[in-house]
Amino acid sequence: MKPVVTLSLVAGLGVSIANAVPADVEARTTYPTVRRDVVVIGGGSSGTYAAVKLRRMGKSVAVVETRESFGGHTSTYHVPGSDITIDYGVQGYGDVAVIRNHFASFDIAMDQLPLSETGFGISNYVDFRNGQTVPDFNFSMDLFGFKKQSERYPYLYYSTRLPDPVPKDFLLPFREFLAKYDLEDTAYNMFYNLEGFGDLLSQTTLYVLKYFNREYLAALDPGFKGALVTSRRYNQQLYDRAEEMLGDDALVSSRVVSATRTKSGVTVVVRTPNGVKTIQAKKLLVTMPPLASNMEPLGMDKTEKALFTKFAASGWYVGLVRASGLPVNFAFQNTRPDTSHNLPKLPSLYQMSPTVVSDIYLVRYGTTGQMPDALIKRDITKTFDRVRTAVLGKKAKALRPAELLAYSSHYPFNLHVTPSEISKGFYNKLDTLQGHLSTWYTGAAIISHATGALWNFTDHLVDRMYETK
């Protein structure tokens, strides 16, 4: 059996603007009001792409990001005492022009790797509850049947809007979609290519089709040239260079306190590590996950609140663990012998995979909703030690416990609404919000987690923001 290869072609967004910056950060300075053409909320993948495009169009722009640096779902670890970097968030990209061009614009070299060279070691299918190998395990790697269905809906790659009436297949729980098209033997493969989607079998099929689009499917095709990766295996470099380009307009470790939005412009109050800044702008671009809790500081009106309160989300968490003793180049995937399609029940660790550094392992964890980071971190190391003990037996007693070297939460992930809301035109209403109160929206919740689709959508949206009416 060939290993499942998870490329994680995902793109990142800012986290909660209300909670990510410590509440006890006091303003030491109140700056004079500054004016910009656009304020971007979120320095993840879509926010950074938009800000760079706007700057190159000659527009003034400020980006508000709660984390210490741009990047969103991109996470890179620098191995101490070396020039080695390990990407433990986004791993690779589909081979589409917008991705090649964006990296090239910052002089970042890319390689294209065949699918066989992008994996994380030799897969072992193990029940993470007890560390026991699942015997005689088999599943289908053939996604041709799903691809055939996906190709019926090319508009999902570039548009938020859906037909009216909404195609019935979009509204099916994914387990029913798999059964309808005799694709059930692909469930395990798809589960591990859709980490972060929560309970995949219960997920509404629309969201699987939006993520598992032509870009992602092409990268997974064994006959394709492969996925794009940075030559240095340093995805964070793109965001570092974008921050340098924006200079003082990259407001990291900052959060929106309040905003006033009208059809003629916006005023945004931002708490930064050095004090409060007030920014007046002609337009606001929201790229963070638009959960109601994130949108609250922007002052939602009734129309916005009626939409954003409908979103729910699952959780995806990534990290690096230091642990010795395991067989070289062995990877472990959580596989249950007693569940439908052998899928693990969440919350749980998805996988433990080797990296370019011996004794450092990539780990990924999933939840169906929000969960405290402390509990997730504890479960990651406990599960790792439990599996290692089962693999090594008595030899494991002499080893130091697993150590979590790096960790990043990507909650909220895969924002979704109910099939009922979809059928009532939720996404067409969402698209109609573009430009309302001088506010525009992009990000994974609007179009897709796949980077190429996201950047293409964002590129066209920025042009749309400046179309002459």
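The values are calculated or read from the model by the stated rules, or taken from the named source; none is laboratory data. The model shown is predicted, which means the values in this text are computed figures rather than measured ones. Ideal geometry is used to build each Cβ from the backbone, glycine not excepted, and the neighbour counts take in all protein chains shown. In case anyone asks, the SASA skips ligands and DNA or RNA and just uses the protein heavy atoms, side chains included. Shrake-Rupley method; radii C 1.70, N 1.55, O 1.52, S 1.80 Å.
Looking at the stretch 64-81 only, could you name the residues that are surrounded by fewer than 23 Cβ atoms within 10 Å (Cβ to Cβ), assigned to a loop (DSSP other than H, G, I, E, B) and hydroxyl-bearing (Ser, Thr, Tyr)?
69, 75
State all residues of the stretch 298-320 that are over 21 Å from residue 283 (Cβ atoms), outside any strand (DSSP E or B) and touching a strand residue (DSSP E or B) at 6+ places or on another chain (Cβ under 9 Å); if no residue qualifies, say none.
311
Which residue out of 99, 122 is closer than 30 Å to residue 404 by Cβ and in contact with a Phe, Trp or Tyr (Cβ under 6 Å, 6 or more places away or on another chain)?
Matching residue, one of 99, 122: 122.
Would you say residue 241 is under 25 Å from residue 317 (Cβ atoms) and open to solvent by 50 Å² or more (accessible area, probe 1.4 Å)? Break it down into steps so the answer makes sense when it comes.
Working: under 25 Å from residue 317 (Cβ atoms): no; open to solvent by 50 Å² or more (accessible area, probe 1.4 Å): yes.
The answer is no for residue 241.
Identify all residues within the stretch 375-406 that are more than 18 Å from residue 346 (Cα to Cα) and in a helix (DSSP H, G or I); write none if there are none.
Taking the stretch 375-406 as the starting set, the residues that turn out to be more than 18 Å from residue 346 (Cα to Cα) are 385, 388-406.
Within the stretch 375-406, 385, 388, 389, 390, 391, 392, 393, 394, 395, 396, 397, 398 meet the criteria.
In the list 276, 266, which residue meets the criterion of being in contact with a strand residue (DSSP E or B) (Cβ under 8 Å, 6 or more places away or on another chain), over 26 Å from residue 73 (Cβ atoms) and open to solvent by less than 20 Å² (accessible area, probe 1.4 Å)? Write out each step before concluding.
Values: 276 fails: open to solvent by less than 20 Å² (accessible area, probe 1.4 Å).
One residue alone meets the criteria, 266.
Quick check, is residue 140 in a helix (DSSP H, G or I), out of contact with any strand residue (DSSP E or B) (no Cβ under 8 Å at 6 or more places or on another chain) and of a type in the set (Gly, Ala, Ser)?
On the way: in a helix (DSSP H, G or I): no; out of contact with any strand residue (DSSP E or B) (no Cβ under 8 Å at 6 or more places or on another chain): yes; of a type in the set (Gly, Ala, Ser): yes.
No: the conditions fail for residue 140.
How many residues does the stretch 133-145 contain that are surrounded by fewer than 14 Cβ atoms within 10 Å (Cβ to Cβ) and more than 25 Å from residue 219 (Cβ to Cβ)?
Counting residues in the stretch 133-145 that are surrounded by fewer than 14 Cβ atoms within 10 Å (Cβ to Cβ) and more than 25 Å from residue 219 (Cβ to Cβ) gives 2.
Considering only residues that are closer than 19 Å to residue 261 by Cα, open to solvent by 20 Å² or more (accessible area, probe 1.4 Å) and among the hydrophobic types (A, V, I, L, M, F, W, C), which ones fall in the stretch 292-330?
Once the filter is applied, which keeps residues that are closer than 19 Å to residue 261 by Cα, open to solvent by 20 Å² or more (accessible area, probe 1.4 Å) and among the hydrophobic types (A, V, I, L, M, F, W, C), the stretch 292-330 yields 292, 300, 306.
Would you mention how many residues in the stretch 36-75 are of a type in the set (Phe, Trp, Tyr) and in contact with a Gly (Cβ under 8 Å, 6 or more places away or on another chain)?
Residues in the stretch 36-75 being of a type in the set (Phe, Trp, Tyr) and in contact with a Gly (Cβ under 8 Å, 6 or more places away or on another chain): 1 in total.
Looking only at the stretch 82-97, decide whether some residue is assigned to a helix (DSSP H, G or I) and either at pLDDT below 95 or not polar (S, T, N, Q) (or both).
Checked the stretch 82-97: at least one residue is assigned to a helix (DSSP H, G or I) and either at pLDDT below 95 or not polar (S, T, N, Q) (or both).
Are any residues in the stretch 340-361 touching a residue at least 40 places away in the same chain (Cβ under 8 Å), within 28 Å of residue 184 (Cα to Cα) and touching a Gly at 6+ places or on another chain (Cβ under 9 Å), and if so, which ones?
Selection gives 344, 346, 348, 349, 350, 353.
Out of 337, 297, 347, which single residue is under 30 Å from residue 463 (Cβ atoms) and not hydrophobic (A, V, I, L, M, F, W, C)?
297
Rundown of residues vs (1) within 20 Å of the chain's Cα centre (by Cα); (2) modelled with pLDDT under 95, yes/no style:
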site	(1), (2)
263	no, no
280	no, no
292	yes, no
300	no, no
308	yes, no
318	yes, no
324	no, no
330	no, yes
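Out of 315, 275, report the one residue that is in contact with a Gly (Cβ under 7 Å, 6 or more places away or on another chain) and touching a residue at least 40 places away in the same chain (Cβ under 8 Å).
Result of the check over 315, 275: 315.
Can residue 387 be described as of a type in the set (A, V, I, L, M) and surrounded by 21 or more Cβ atoms within 10 Å (Cβ to Cβ)?
yes
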